[in-house]
């Protein structure tokens, strides 16, 4: 006898409930990992909110757009944002056009759109609630990615180090696009790995979608695009993982180029080339290129001094990433990181300012996988009994708990 519509609904709900219960039971084995990461994240977030404001100069654009999306007029949104701007110690936004119609920020609609329900619930500070929640999701996604590939210890150690970085966390928690762009970058790598494992076209759709979302969150898509293109080229040269990176590179880099060209056509009032020429103090592209080495030296010097004073953990993160990239140079993680660094350099140099690692955050996942790979290698060698050691000296519970590490 055919089932009634009510029975179909009942069975569907039952399957969904059983699936959810099964997933929750499976997560119980990770409770200690979640506890450690949760306590660190909560402590760091509370500390940053206590000593550092979430409001940055760029916040004006995202807060203004989120208020506008909830039904406030642009003039009303401008008046409110100017009030917050002055309270934070920044100069006034002089016009609606500067706040809403500037070509650089006009395409950045994703974060304000995501903030709408929280702005409706909590007022303009709902934008800050949104970025905190995005940071929580980012840490969870990174943990699942890193633990599945490199083991739980490497994942927890890597993320604990990440959350010790003042700049990484203050930019992610702040009312800025960084937490969202970092999340889209992480999801693009998750989708690429899933495509490699399954060959399913739906993961290509996911890669295209998250890259498009990233492009309309902040114009930083060439970081992920560069990462996947370099991984693909390296696989051809080194004859490792041949064919595994071609489709992800095409999907992500292709979407990045299309989005960039579309935005340049629709929102032409900002020119990255003009910004580059301006910051080099020259009058043409040729002169700007000749002045680039001095500009790079200036940016690196200012950033390093800032890291030494304010964020020594970030120096450790960068150092470990580079060590991993050099020592494990045949691994795709190293190639992804190299491509991401080239993308970051492109944006940072043409912008012409020291940014305290902010421009690198859309490629944060590539730094994290590089460090996690290094951690897993160190861990695997630490568990190998050394010559002359007493049999049974190693700790069985620790060895048994280590997840297998891909070679």
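Please find, among 120, 133, the residue that is at pLDDT 95 or above, within 22 Å of residue 217 (Cβ to Cβ), over 21 Å from the mean Cα position of the chain (by Cα) and exposed (fewer than 15 other Cβ atoms within 10 Å of the Cβ).
120
Suppose we filter 360, 340 for residues that are farther than 15 Å from residue 168 by Cα and either part of a helix (DSSP H, G or I) or free of Cβ contacts under 8 Å to residues at least 12 places away in the same chain (or both); which single one remains?
Working: 360 fails: farther than 15 Å from residue 168 by Cα.
It is 340.
Given the conditions (1) loosely packed, with under 14 Cβ neighbours inside 10 Å; (2) at pLDDT below 75, which single one is not true for residue 39?
Evaluating residue 39 over (1) loosely packed, with under 14 Cβ neighbours inside 10 Å; (2) at pLDDT below 75 leaves (2) as the failure.
Report yes if some residue within segment 286-297 is touching a residue at least 60 places away in the same chain (Cβ under 8 Å), buried (at least 16 other Cβ atoms within 10 Å of the Cβ), at negative phi and touching a helix residue (DSSP H, G or I) at 6+ places or on another chain (Cβ under 9 Å); otherwise report no. Please lay out each step first, then the result.
First, the residues of segment 286-297 that are touching a residue at least 60 places away in the same chain (Cβ under 8 Å): none.
Checking segment 286-297: not a single residue is touching a residue at least 60 places away in the same chain (Cβ under 8 Å), buried (at least 16 other Cβ atoms within 10 Å of the Cβ), at negative phi and touching a helix residue (DSSP H, G or I) at 6+ places or on another chain (Cβ under 9 Å).
Of the residues 115, 77, only one is in a helix (DSSP H, G or I), touching a residue at least 24 places away in the same chain (Cβ under 8 Å) and touching a helix residue (DSSP H, G or I) at 6+ places or on another chain (Cβ under 6 Å); which?
Values: 77 fails: touching a residue at least 24 places away in the same chain (Cβ under 8 Å).
None of the other options fit; the residue is 115.
Out of all the residues in segment 260-300, which are closer than 15 Å to residue 354 by Cβ and under 24 Å from the mean Cα position of the chain (by Cα)?
Within segment 260-300, 296, 299, 300 qualify.
The values are calculated or read from the model by the stated rules, or taken from the named source; none is laboratory data. Since the model is a prediction, treat every value here as computed from it, not as a measurement. FYI the Cβ positions are ideal-geometry reconstructions off the backbone, even for glycines, and counts take in every protein chain you see.
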